[in-house]
1. Can you find a residue in the range 9-18 that is open to solvent by 70 Å² or more (accessible area, probe 1.4 Å) and touching a helix residue (DSSP H, G or I) at 6+ places or on another chain (Cβ under 9 Å)?
2. Is there a residue in the range 65-81 that is outside any helix (DSSP H, G or I) and acidic (Asp, Glu)?
3. May I ask you to list the residues in the range 89-101 that are in a helix (DSSP H, G or I) and either of a type in the set (Gly, Ala, Ser) or open to solvent by less than 70 Å² (accessible area, probe 1.4 Å) (or both)?
4. Of everything in the range 71-88 that's of a type in the set (S, T, N, Q) and over 11 Å from the mean Cα position of the chain (by Cα), which residue is surrounded by the most Cβ atoms within 10 Å (Cβ to Cβ)?
5. Which pairs turn up if I take residues in the range 41-58 that are in contact (Cβ under 8 Å) with a residue 12 or more places away in the chain and more than 16 Å from Gln70 (Cβ to Cβ) and look for partners that are open to solvent by 40 Å² or more (accessible area, probe 1.4 Å) and among the hydrophobic types (A, V, I, L, M, F, W, C) with beta carbon separation below 8 Å, at least 6 apart in sequence or on another chain?
6. Condition first: open to solvent by 60 Å² or more (accessible area, probe 1.4 Å) and of a type in the set (Asp, Glu). Can you find one or more residues in the range 44-59 that meet it?
7. For Lys33, indicate whether it is open to solvent by 90 Å² or more (accessible area, probe 1.4 Å) and under 19 Å from Thr78 (Cβ atoms).
8. Return yes when Ala66 is closer than 22 Å to Phe91 by Cα and of a type in the set (Gly, Ala, Ser) and no when it is not.
Amino acid sequence: MQTLIASRLIDHVLSITPQKKVIFVVPTRALVKQQAEAIRKDCLHVAHVTEICGMEIDGWDAARWAGCVQESDVLLGTPAVFHTALATKGFISLAQVQPHP
């Protein structure tokens, strides 16, 4: 049920702010795969979900992150991934994901 609610919320957010991106944070790598499949199946306004996990992103630079954000509607990963991208490295800006009032 929680997955369906998340899918509906993501769909709603992207229907009203299609220029924005959704960051979906889940606690485990296994849930990254599971939630990505559900979003692809259940969301009408999502063309591209990017699954981002652990060490595969260690070598990513600002250009790689920019490309990932540009091509994705939903970036789905674990807390450590987004902590690195947002807080530690500054590769993602909250302005890219927060709707403007």
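1. Step one: of the range 9-18, the residues open to solvent by 70 Å² or more (accessible area, probe 1.4 Å) are 9, 12, 16, 18.
Now restrict to residues that are touching a helix residue (DSSP H, G or I) at 6+ places or on another chain (Cβ under 9 Å): none.
No - not one qualifying residue is present in the range 9-18.
2. Initial filter on the range 65-81 (outside any helix (DSSP H, G or I)): 72-78.
Those left that are additionally acidic (Asp, Glu): 73.
Among the residues of the range 65-81, at least one is outside any helix (DSSP H, G or I) and acidic (Asp, Glu), which makes the answer yes.
3. Of the residues in the range 89-101, the ones in a helix (DSSP H, G or I) are 94-96.
Hits for the range 89-101 are Ala95, Gln96.
4. To start, the set of residues in the range 71-88 that are of a type in the set (S, T, N, Q) comprises 72, 78, 84, 88.
Still in the running and over 11 Å from the mean Cα position of the chain (by Cα): 84, 88.
On the way: Thr84: 19, Thr88: 10.
Among those that are of a type in the set (S, T, N, Q) and over 11 Å from the mean Cα position of the chain (by Cα), it is Thr84.
5. Taking only residues 6 or more apart or on different chains, the pairs are Asp42/Leu4; Gly54/Ala80.
6. The initial filter retains those residues of the range 44-59 that are open to solvent by 60 Å² or more (accessible area, probe 1.4 Å), namely 44-45, 47-48, 55-56, 58-59.
Next, from what is left, pick out any that are of a type in the set (Asp, Glu): 56, 58.
Yes, the conditions are met somewhere in the range 44-59.
7. Details: open to solvent by 90 Å² or more (accessible area, probe 1.4 Å): yes; under 19 Å from Thr78 (Cβ atoms): yes.
Considered against the rule, which asks whether it is open to solvent by 90 Å² or more (accessible area, probe 1.4 Å) and under 19 Å from Thr78 (Cβ atoms), Lys33 comes out as yes.
8. Numbers: closer than 22 Å to Phe91 by Cα: yes; of a type in the set (Gly, Ala, Ser): yes.
Here the answer is yes, as Ala66 does meet what is asked.
The values are calculated or read from the model by the stated rules, or taken from the named source; none is laboratory data. The structure presented is a predicted model; accordingly, all values stated were derived computationally and were not measured. Virtual Cβ from ideal backbone geometry, glycine too; neighbours counted across all protein chains shown. Accessible surface is based on the protein model in full, side chains and every heavy atom, while ligands, DNA and RNA are left aside. Shrake-Rupley method; radii C 1.70, N 1.55, O 1.52, S 1.80 Å.
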